[in-house]
Amino acid sequence: MRDWWKKAVIYQVYPRSFKDSDGDGFGDLNGILQKLDYLAELGVDAIWLSPVYQSPQKDNGYDISDYRMIDPKFGTNEDMFHLIKEAHIRKIKVIMDLVVNHTSDQHQWFQESRKAKDNPYRDYYFWRDPKTDGSEPNNWGSYFSGSAWTLDQQTGQYYLHYFAKEQPDLNWENEEVRQQVYRIMRFWMDKGVDGWRMDVIGGISKFLDFPDYPATGDQRYVLGKWHANGPRLHEFIQEMNREVLSQYPCMTVGEANGSDIDAAKKYTDPRRKELNMIFSFAHMSVDIQQGTPAGKWALRPFQLVRLKKVLAKWQEALADHGWNTLYFENHDQGRVISRFGNDTTYRVPCAKAFATILHGLKGTPFIYQGEEIGMVNCHYDLKDYNDLEIHNAYNELVIENKVLSKEAFRHAVERIGRDNARTPMQWNKNKQAGFSDGQSWLKVNPRYKEINVEQALQDTDSIFYYYKQLIQLRHSLDIFTEGDFQLFLPDDPQLFVYTRTTNTEALLILANISEEPAVYSGMEGEWHLLLSNLPGTADTPSKQQLRPYEAAIYLQRKPTILRHNY
Ligand code: NOJ
């Protein structure tokens, strides 16, 4: 089936933190191979691997120096081919990460490009002269702090990098660059890769006049709308679709930074022949204050109402032509229960409740490694974090610009810092959580003795088995894929209630996302309980009190008009 991804549940593996097979403290492909049966037991349809290509690892593999080679830290190309084969034997598809907004500065293209202005590879990247006072060509900031431009002494020009200075941006205006990318994609798909997650795909087309952002206060470098959705973005993606994607039965998901609903419709409307779906960020920004100099590190309290409204807006907007991804976690986000919920007293019901509200929606769910066992954020000394984003932001916001106190920054890191998701996968309660026989590259979360896979597999009531049931439900009932979405009680601060309906059936998804009991007024009609996360949940959604983080899914055959009691 060409649209297999609509019914699928996808599992993201962050290879360096998943399983180390050779004791160097760094996860690898053979480690993933060892755990394929675990993933098959969970029931996922595909795995998406964060980058495993050759890389200096300045940004954990999102800085690629050779797209056709597996980094020796992860294994060999043969290991990758073997992993694909073994995954396919278990009916698990393999999605790779396509990081082509930028390369590593160690990539041969950039090494050539920086040599001379007339080098044949010069135009693979963006080079611009300094302003007359010697400063950067404009005031664009890098996502990892500082300017998006770095001066290269050799030729006296600046090159553009939206991320670290070791990640120069590729020039997609150059036809040769695009053809190089297409060849890389064919190379891996000919080896059996089933699809792509496309890193910062929203950034590949640039506003070539590179306009300054309007100066705001004393901010020297600014991030904003010109970092994404450039004028040729959809043209480039359509070309990629024509030349490559349409030739393979593959799946695509774009990490669409800076996309609003209109952009999302463009990317995912099948009539436009671009991508199958995108990762948008709106729902992951509900606890972030917009428009402050502290950027993503300016937090505000989580409010369920905001989350419901954003999710509902996207459900409605992409209902007919287009498709949503469903995610709360990935390698760039904190753990959802630590961030939006409760990771102590209510850790287990809370994890199941968030899973319920997400997997009940229309779209393709993505599970991030460890989410299925309720892994939680870590609380480390700043020096123990590895992520360059955290360290750069600390220097810029706390030390240089003093827009955040050290305490406020630390607090933000503990909530949304990327390393929260990158701590090693917790397999058992042995040393290093069973992740490695050596010293892991990032400290293991100290709660591993309580939270680990071995424990989860032994407990039939665990978060793991709850995810397994959710996946089975999605596989067995088409209404999860097809049903229309409708939100109820949008302003209720505790309850998340929505329905999914077809002509013949209805689902009611109901959750109390709070630490207090919540009064639910009930929904009329004849319902059957399909799944719930606490013992003793009512058989029908009648007027009742829902316990903290109680969640349930009800099914109705031959639905009548869905009406709430009030
Ligand atoms: C988005 C990736 O998810 C993130 O981890 C990475 O740092 C940036 N893109 C740059 O590639």
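The values are calculated or read from the model by the stated rules, or taken from the named source; none is laboratory data. Quantities reported herein were computed from a predicted structural model and do not represent experimental measurements. As a convention, Cβ positions derive from the backbone with ideal geometry for all residues, glycine included, and neighbour counts pool all protein chains shown. Protein only, heavy atoms only, side chains kept; ligands, DNA and RNA dropped before computing areas. Shrake-Rupley method; radii C 1.70, N 1.55, O 1.52, S 1.80 Å.
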* To do: Could you state the accessible area per residue of region 440-563 in Å², with a 1.4 Å probe and every protein chain left in place?
  => 45 Å²
* Asked: Once the other residues with Cβ under 11 Å from the Cβ of Trp196 are scored (Lys, Arg +1; Asp, Glu -1), what is the net sum?
  -> -3
* To do: Write down the accessible area per residue of region 49-89 in Å², having rolled a 1.4 Å probe over the full set of protein chains.
  => 37 Å²
* To do: With everything on Cα atoms, drop me the angle between helix 406-416 and the longest principal axis of the chain, reported from 0 to 90° to the nearest 10.
  => 60 degrees
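What's the magnitude of the charge dipole for the chain around its Cα centre, counting Lys and Arg as +1 and Asp and Glu as -1 at the beta-carbon? Answer in Debye, nearest 20.
Numbers: 66 positive and 77 negative charges, 168 e Å.
Roughly 800 debye for the chain.
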* Place a label point 7 angstrom from the Cα of Gln219 along the Cα-to-Cβ direction, then list the residues of region 401-416 whose backbone nitrogen is under 16 Å away. => 401-404
* Structure fact -> As straight-line cross-link partners of Lys265, the qualifying lysines (C-alpha separation under 23 Å, not fewer than 8 residues apart within one chain) are Lys6, Lys7, Lys206, Lys225, Lys273, Lys308, Lys309, Lys313, Lys362
* Asked: Residues with beta-carbon under 11 Å from that of Ile261, excluding Ile261: net charge, scoring Lys, Arg +1 and Asp, Glu -1?
  -> 0
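Given R₀ = 22 Å, what would the calculated FRET efficiency be for Leu299 paired with Lys449, taking r from the Cβ atoms and rounding to 0.05? Write down the numbers at each step before the final one.
On the way: r = 29 Å, r/R0 = 1.34.
With a Förster radius of 22 Å, E is 0.15.
What is the antiparallel percent of DSSP beta bridges lying wholly in the chain, to the nearest 5?
Values: 39 of 65 bridges.
Rounded to the nearest five, the antiparallel share is 60 percent.
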* Asked: Within the accessible area of the chain, what % is carbon and sulfur when the probe is 1.4 Å and the other protein chains stay in place?
  -> 48 percent
* Would you mind checking the tilt of helix 304-317 against the longest principal axis of the Cα atoms of the chain, expressed as 0 to 90 degrees and rounded to 10? => 80 degrees
* Taking Cα atoms, how many degrees apart are the long axis of helix 77-89 and the longest axis of the chain, rounded to 10 and kept between 0 and 90? -> 20 degrees
